[in-house]
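Read-outs: derived from the displayed coordinates by stated rules, not from any lab. In this text, all values refer to a predicted model and were calculated from it rather than measured experimentally. When we count neighbours, we look across all protein chains shown, and the Cβ atoms used for this are built from the backbone with ideal geometry, even at glycine.
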Amino acid sequence: MAFENNTLDDLVLLKSDGYPTYHLANIVDDHAMKVSHVLRAEEWLSSTPRHVLLYDAMGYQPPEFAHLPMLLGPDRSKLSKRHGAVSVGEFRDQGYLPEAMMNFLALLGWSLDDRTELMSRQELIEGFSLERVSKTAAVFSRQKLDWMNGVYIRKLDPEDFLERCLAFLKRDLPADAERPPSADYVRQIAPLVQERVRTLAEVPALTRFFFVDHLEYGTDLLIPKDMDASSTRRALEVSRQRLAALASFDPGPLEDLLRPLAEELGLKTGQLFGALRTAVTGQKAAPPLFETMSVLGRELCLSRIDRALSKL
């Protein structure tokens with residue numbers, strides 16, 4: 001880019017207290033550190049001709065300059081605190097993986113090509129070039145970050161996912177939950193949610209019923225669509241009776257029992273499974289039902305069905 005000298009003002013270099021302004025300090029500091037390339041936001045573009053003149057006046061060799069597009073919020077204003085988290089620490093505490101954040105941030109204002117979105121750190125290093133940096137501002141999309149973070153979570157090794165979950169479970173589980181949570185117990189639970197969560201911070205809320213004794217939920221949550229309290233009660237009573245007699249409480253036998261039972265009771269599977277899901281988890285949305293019941297175990301499932309029956 002070219003600038004006319006007569007458009008530049010006669011800027012202050014030393015303040016009245018003898019301290020240098022940023023413009024002078026920046027030049028001397030970069031020269032002393034042998035900085036070869038300066039990459040910074042495009043808002044500094046208007047200062048660059050002044051800096052070039054200062055380099056010349058000081059007899060210094062100027063570095064190479066490149067200016068990067070601004071990051072904008074969804075409303076296309078400059079990204080700021082009002083758009084949500086803006087520090088790396090905040091994103092870490094919200095359950096975003098460092099490798100996902102790096103991939104996402106690298107694609108704000110730069111691209112490898114017109115189609116590649118998921119890249120490892122090494123692929124980013126090998127593929128980066130200034131020529132592919134966009135000249136237009138980049139919009140920070142939390143929706144896309146959530147999607148990308150979910151992809152990275154699903155790619156984690158199960159043990160790695162377990163270890164990362166433990167920190168959030170220790171931090172966010174209810175006060176009455178056992179602390180620290182048993183790693184062996186969490187090892188059974190983690191695979192049930194790894195495909196479902198977008199951030200690690202979602203794990204405690206989705207799995208809290210595994211760790212607490214008492215479930216809080218309204219009676220209306222127990223009653224599936226097109227059913228009433230009486231038909232729900234009968235469905236749970238028959239289910240409890242059959243579950244108590246089931247030889248194995250593994251997911252396969254549970255499914256083999258409950259799917260035909262829904263037809264026997266004249267219900268849709270969604271109705272029976274919905275009532276059971278609420279009874280044993282206190283939630284309408286939970287990990288897969290049969291695997292969840294197997295991890296909770298027969299005794300706890302029967303106890304929770306009894307509590308649900310008493311609510312009805």
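Of note:
- Size of segment 71-112 as Cα extents on the principal axes (Å, biggest first): 29, 26, 11
- Total charge dipole magnitude, segment 1-57, about the Cα centre, Cβ charges on Lys, Arg, Asp, Glu only, Debye to nearest 20: 180 debye
- Taking amide H atoms as placed 1.01 Å from N in the peptide plane, the amide H of residue 38 lies under 5 Å from those of 64, 65, 66, each 5 or more residues away in sequence or on another chain.
- Of the chymotrypsin sites (Phe, Trp or Tyr not before Pro) in segment 1-101, not one is in a loop by DSSP (not H, G, I, E or B) with at most 10 other beta carbons within 10 Å.
- Relative contact order (%) - criterion: Cα under 8 Å, at least six apart; region: segment 157-210: 47 percent
- Point-charge dipole on Cβ atoms (K/R +1, D/E -1) for the chain, about Cα centre, debye to 20: 980 debye
- Euclidean distance of C-alpha centroids, segment 38-63 and segment 110-129, integer Å: 29 Å
- In this Cβ point-charge picture (+1 for Lys and Arg, -1 for Asp and Glu), segment 157-210 has a dipole of about 200 debye about its Cα centre.
- Computed over segment 219-311, the P(r) tail beyond 20 angstrom holds 24 percent of alpha carbon pairs.
- Here the Debye sum runs over all C-alpha atoms of segment 79-166 as equal scatterers in vacuum, and log10 of I(q)/I(0) at q = 0.23 Å⁻¹ comes out as -1.27.
- When 185, 152 are sorted by how many other C-beta atoms sit within 10 angstrom of their C-beta, beginning with the fewest, the order is 185, 152.
- Over the chain: helical MRE at 222 nm, DSSP H runs n ≥ 4 each giving -39500 (n - 2.57), nearest 500: -15000 deg cm²/dmol
- Among the trypsin sites (Lys or Arg not before Pro) in segment 91-152, those located in a DSSP loop and surrounded by at most 10 other Cβ atoms within 10 Å of their own Cβ are 115, 135.
- Relative packing of peptides 158-171, 277-290 - highest average C-beta neighbours within 10 Å first: 277-290, 158-171
- Rounded if a/c under 1.5, otherwise prolate or oblate - segment 5-68, Cα gyration tensor axes: oblate
- Projected onto its three principal axes, the C-alpha set of the chain covers 90, 44, 35 Å, listed from the longest axis down.
- Volume per residue that the Cα convex hull of segment 255-301 spans, once the total is divided by residue count, Å³: 70 Å³
- Shape of segment 152-284, Cα gyration tensor, a/c cut at 1.5: prolate
- Shape category assigned to segment 208-250 from the gyration tensor of Cα positions, a/c cut at 1.5: oblate
- Using a cutoff of 8 angstrom between alpha carbon atoms and counting only pairs six or more residues apart, the relative contact order for the chain works out to 13 percent.
- Since only 36, 48, 1 are under comparison, the one whose Cα sits farthest along the positive direction of the charge dipole of segment 1-64, derived from C-beta charges on Lys, Arg, Asp and Glu, is 36.
- GNM flexibility winner over the chain from 112, 53, 221 (Cα, springs under 10 Å): 53
- Cβ crowding within 10 Å ranks 15, 311 as 15, 311, fewest other Cβ atoms first.
- Between the residues 253, 129, 180, the greatest Cα displacement towards the positive end of the dipole of the chain, with unit charges on the Cβ of Lys, Arg, Asp and Glu, is found for 253.
- Summarised in one figure, the compactness ratio Rg/Rh of segment 157-210, Cα atoms and Kirkwood Rh, is 0.90.
- Most positive-pole-ward Cα, 274, 236, 18, against dipole of the chain from beta carbon charges: 236
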